[in-house]
Amino acid sequence: MLFLKNIPILFLFCAFYSFSQPHTKKYASTVQNDSFFTSIDFELVDNLIIVPVIIDNIKYRFLLDTGAINLFSAKLAYPYQIENLEEEKDLKFNIDNNNNTLIKMSQIVFGGVAFQNNIGVVREMHNNLFDCYQLDGILGSNFFGNVILQIDYPQRKIHITNVFKKLKIKSKPQRVKYIDNQRSPLINITLQNNKRISKDQAIIDTGFNGIYEINIEKFSFFSRTNLLTQFISTDGISSTELINNKDKKTYHLVEVPTLKMDQFTLINFYAKSTYDYSKIGNDLLKRGKLTIDFIAGQYFFETLELEDIQNKIPLLSPTFYQNKLIAGIIWDEELRTKIDFDDQIIKINHLPVNKKEPCELFSLKNENTIFTVLKKDHTTIEISSTKHTSF
């Protein structure tokens with residue numbers, strides 16, 4: 001796991017919730033080079049990493065998403081589908097298993113390096129997300145399963161190698177586990193307040209544009225043990241998946257006093273609960289240089305040692321649902337007495353939603369925004385979020 005800031009982007013598909021360690025690299029792409037190092041420039045658009053890849057001498061735009069497996073648009077994959085793998089019996093991917101075709105694409109060139117045996121899911125991509133960013137697919141964590149990936153956010157550079165010493169990292173490594181066959185990196189992070197300290201396991205998810213989301217079971221445990229004590233609970237719908245979430249659920253917005261990842265410490269910020277894995281996203285990762293060594297099972301995050309976020313409680317988190325923009329999750333208690341989570345937002349700053357470009361909606365922020373909401377009794381109400389900022 002969409003919106004900027006107020007709706008974290010997440011591209012994981014309907015996750016399983018067990019934290020397991022796979023025993024195979026069967027679905028990881030392979031590289032024939034004995035020793036290599038390459039660098040690629042990337043775009044950071046609305047906190048999404050967009051990279052160029054070459055397939056059959058044609059350049060395409062892909063999202064780099066360590067929280068997903070490889071994904072190819074049907075239009076792109078059709079000419080290159082060399083092997084259909086849907087009869088595989090040992091699949092354990094972080095996707096829903098409906099309406100997917102699993103294929104193997106023979107070669108993808110990334111940064112001048114030929115990656116072979118690229119296994120991924122084919123999906124129809126007729127949605128605003130891919131249209132807005134002109135994406136042809138996703139490079140998932142299984143694409144990098146046999147290499148070392150370094151993302152230098154400040155320099156907008158990606159480095160790929162299979163020789164660790166070429167990166168000249170001097171800090172101490174932190175251990176990584178992987179989720180099933182897609183090999184999304186799962187790390188330990190530390191949460192603490194002035195009395196308690198505990199651990200969470202979170203995916204390093206470059207397809208998620210927020211800071212941190214906390215698994216609902218972990219949230220329950222931390223709240224019972226008084227590690228996380230300040231939170232808002234409300235029912236709503238959250239578009240944190242590539243496919244629509246059709247069920248109303250209870251979400252929590254929790255104040256996190258301190259989060260530690262490697263040598264980096266983040267204090268005083270709000271995070272939303274999720275029914276998926278806990279995850280760390282690009283709004284945190286963009287503060288430094290991230291290295292994931294998929295070969296040795298370790299990671300490094302080189303950045304400033306302390307940062308105070310001090311973000312504030314958002315008014316609401318709008319959500320796309322059944323091709324409409326709705327209130328989604330309403331965090332403000334008074335506002336919940338005026339509108340429902342599934343009431344439709346028909347105007348933003350007095351301009352009809354259907355007159356806005358998809359990219360404007362995806363980069364929507366809560367601050368200094370006036371929402372016009374159509375209620376079920378067919379009356380409208382204007383809601384100003386001028387005094388609220390988003391997370």
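The values are calculated or read from the model by the stated rules, or taken from the named source; none is laboratory data. What you see is a predicted model; the values in this text were computed from it and never measured. When we count neighbours, we look across all protein chains shown, and the Cβ atoms used for this are built from the backbone with ideal geometry, even at glycine. Heavy atoms of the whole protein, side chains included, go into the accessibility calculation; ligands, DNA and RNA do not. Shrake-Rupley method; radii C 1.70, N 1.55, O 1.52, S 1.80 Å.
Normalised by the number of residues in the stretch 185-274, the mean separation of alpha-carbon contacts (under 8 Å, six or more apart) gives a relative contact order of 31 percent. Separation of the stretch 152-231 from the stretch 49-81 is 26 Å, based on Cα centroids. The translational diffusion coefficient of the stretch 152-273, from Stokes-Einstein at 25 °C and 0.890 mPa s with a Kirkwood hydrodynamic radius over alpha carbon pairs, comes to 147 µm²/s.
Tell me, what is the FRET efficiency for Lys199 and Lys157 to the nearest 0.05, using R0 = 41 angstrom and their Cβ-Cβ distance as r? Computed FRET efficiency for Lys199 and Lys157: 0.85.
In a fully extended conformation the segment linking Lys249 and Lys324 would gain 25.2 nm over its present Cα-Cα distance, using 0.36 nm per residue. Average accessible surface for the stretch 277-336: 37 Å² per residue, computed with a 1.4 Å probe over protein heavy atoms with every protein chain in place. Beyond a 28 Å Cα-Cα separation, which of these cross-linked pairs lie in this structure: Lys248/Lys347; Lys289/Lys312; Lys25/Lys248; Lys26/Lys249; Lys286/Lys312; Lys166/Lys286? Beyond 28 Å: Lys25/Lys248; Lys26/Lys249.
Between Glu124 and Ile54, take the C-beta separation as r, use R0 = 22 Å, and let me know the FRET efficiency to the nearest 0.05. Walk me through the numbers before you get to the answer.
Working: r = 23 Å, r/R0 = 1.06.
Here the calculated transfer efficiency is 0.40.
Taking 0.36 nm per residue of separation and subtracting the Cα-Cα distance, full extension of the segment from Glu333 to Gln32 would add 102.6 nm. Cβ-Cβ distance of Glu307 and Tyr78, R₀ of 35 Å, FRET efficiency by 1/(1 + (r/R0)^6): the value works out to about 0.15.
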